[in-house]
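Structure, as structure tokens:
The values are calculated or read from the model by the stated rules, or taken from the named source; none is laboratory data. Here the structure is a predicted model, which is why all the values come from computation and not from measurement. Counting neighbours? That spans all protein chains shown, and the Cβs are built from the backbone with ideal geometry, glycine included. Accessible surface is based on the protein model in full, side chains and every heavy atom, while ligands, DNA and RNA are left aside. Shrake-Rupley method; radii C 1.70, N 1.55, O 1.52, S 1.80 Å.
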Amino acid sequence: MKVLSVASEVFPLIKTGGLADVVGALPLALRAQDVDVRTLLPAYPAVKEKIAEATVALAYDDLFGGPARVLADRVDGLDLLAIDAPHLYDRPGNIYLGPDGLDWPDNAQRFAALARVGADIGLGAIADFNPAVVHAHDWQAALAPAYLHFSDRPRPRTIVTIHNLAFQGHFPLSVFGALGLPDSALSLDGVEYFGGVGYLKAGLRLADAITTVSPTYAREIMTPEFGMALDGLLRSRAPVVHGILNGIDDKVWNPATDSALVQTYNALRIDMRARNKTALQNKLSLRPGLDPPLVGVVSRLSDQKGLDLLLHALPSFIARGGQLALLGSGEPSLQEGFAAAASAWRGAVGCVFGYDEKLAHLIQGGADFVVVPSRFEPCGLTQLCALRYGAPPIVSRVGGLADTVIDANEAACSAGVATGFQFSPPSVEGLSYALERAVDLMGNPSAMRRVRLNGMRADVSWRGPAERYAALYRSLVKTAA
Ligand code: ADP
């Protein structure tokens, strides 16, 4: 079966968040399910650098204001189709934001172009590749099902995956004229959204199936609390909404082979992990020693991630001898808050602000626990990495965090299945109590070891999720036949 995956970022070529990890890893896992995926993305400068040998698969005289070519190449095992449209994508810096930190003013056109090309390929524009399914990821690709819906040609089946409902691609009505959709598309059953144009909304309305990245988030987004104004629409489409958990790339995230660690280890040699803790303490100017419970954070610094709760929970945690190693970038106010904490508690709080793949691995391999106190979390990848690296996650009980971490309560401990800590609701008190429980667990080495090992043995790979996606693709194609 052939599938076209359409997305605005793909690891390892270009990444701003978990979306790229998912889009980069799933095609490789789907190969074992006999699903042949090609991935369409914009040829930003970082992408173009890596596809120098590409062939031209498709050309446009005018794609939203300029000429464009679709370049085909295989990079790191991924079959890529990259839209080389310099007027849209040849820009330095962040792929979504201009130098002023605001969205590029033509993002509506940039990502309509991505979806338009996705739809064209879905309709057979590339001779040797006729996908049975077009799988659009997030708002940037979500117009693809709309273009296909309003085409009068035989079309492939369509899926929209929601990686984060907070980002919706909501634009003023004035963008509609340039989209090349029929006037009838500007309706409640089409792209119209609160008096403007909604890209994600259109995809959710018109795709044959909707997936999101955990079963719990799939239920949450149908409620007003988590639905971000799309809960009503999602409820009306409930029969075609599926929650499929993400996995992680177990070759990239493998403590037994990870070159970013000073000491590799596995479940049988877990004690060797201590050397990574020492290296991490060293790197972040934390007081050396194996006794202090060291919690790690690898995160975007945004309201969603609930790290303001951690700032407030810090005093009592530090008072109990705890340490924090934080790697993150994002909102300046949070950055300032953690910088202030690092100077107030020298030796106990160490922060690095920025994006650093290598340090992210060392935190996973060196911290005793990894904290993810999100207010909402579609799936979350850092807690999956933490499980695999033997750093029990401390998470709020929302979305994918609720689905992937087994709280170390009495029942789970006596059944021998606990993998971390959950707290609910996401509040300072809830997090503080979870941190206390984590400190207590550290005080009981055999129980701590058990929880670490349970996590390391959990299957967080893409194998199971890939089976579920393949089954969904097949069921869609079958119902169409
Ligand atoms: P989101 O996509 O909402 O940011 P996820 O947990 O789904 O959150 O995915 C985040 C991914 O980005 C993980 O792979 C995490 O390790 C990585 N990451 C986040 N912040 C940083 C950072 N500052 N440096 C390196 N990697 C980071």
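At a glance:
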read-out	value
Principal semi-axes in Å for the chain [√(5λ), Cα gyration tensor, largest first]	40, 22, 22
Local net charge near ALA57, Cβ-Cβ under 13 Å (Lys/Arg +1, Asp/Glu -1)	-2
Accessible surface, the stretch 1-113, averaged per residue in Å² (probe 1.4 Å)	40
Backbone N within the stretch 101-137 under 19 Å of label point (7 Å from ARG74 Cα along the Cβ vector)	127-131
Per residue, in Å², the accessible surface of the stretch 216-262 once ligands and nucleic acids are set aside, probe 1.4 Å	47
Cross-link table LYS50/LYS358; LYS358/LYS478; LYS251/LYS277; LYS2/LYS201; LYS48/LYS478, entries beyond 32 Å C-alpha to C-alpha	LYS358/LYS478; LYS48/LYS478
Nearest 10 degrees, 0 to 90: helix 357-366 Cα axis against the chain principal axis	40
Protection-proxy order for peptides 401-412, 443-454, each taking the mean of Cβ atoms within 10 Å per residue, highest first	401-412, 443-454
DSSP-defined antiparallel bridges as percent of all bridges, the chain, nearest 5	25
Cα gyration tensor category, rounded, prolate or oblate, for the stretch 333-428 with a/c compared to 1.5	prolate
FRET efficiency estimate (nearest 0.05) - Cβ-Cβ, LEU173 to ARG219, R0 35 angstrom	0.60
Hydrodynamic radius by Kirkwood, which averages 1/r over all alpha carbon pairs of the stretch 192-348, in angstrom	19.4
FRET efficiency estimate (nearest 0.05) - Cβ-Cβ, SER343 to ALA279, R0 30 angstrom	0.85
Stretchable slack from ARG237 to ASN409, in nm (0.36 nm times residue separation minus alpha-carbon distance)	58.3 nm
Inter-part distance where the stretch 23-38 and the stretch 142-199 are each reduced to a Cα centre, Å	26
Using alpha-carbon coordinates, inclination of helix 18-31 to the longest axis of the chain, degrees	70
Hz values of 3J(HN,Hα) by residue in the stretch 422-437 - Karplus curve (6.51, -1.76, 1.60), Gly and Pro given as x	10, 9, 7, x, x, 9, 4, 5, x, 5, 4, 5, 5, 5, 4, 5
Cα convex hull of the stretch 267-457, projected area averaged across orientations, nm²	9.3
Ranked packing of 309-319, 187-197, most packed first, by mean Cβ within 10 Å	309-319, 187-197
For the stretch 374-437: Kirkwood Rh in Å [reciprocal of mean 1/r, alpha carbons]	11.7
Long-range HN-HN contacts of ALA57 with modeled amide H, under 5 Å	VAL70, LEU71, ALA72
Over the chain: helical MRE at 222 nm, DSSP H runs n ≥ 4 each giving -39500 (n - 2.57), nearest 500	-11000 deg cm²/dmol
Accessible area per residue, Å², the stretch 267-457 with all protein chains present, probe 1.4 Å	38
Accessible area of the stretch 267-457 belonging to carbon and sulfur atoms, whole % at 1.4 Å probe	54
Per-peptide average of other Cβ atoms within 10 Å, ordering 232-240, 60-68 highest first	60-68, 232-240
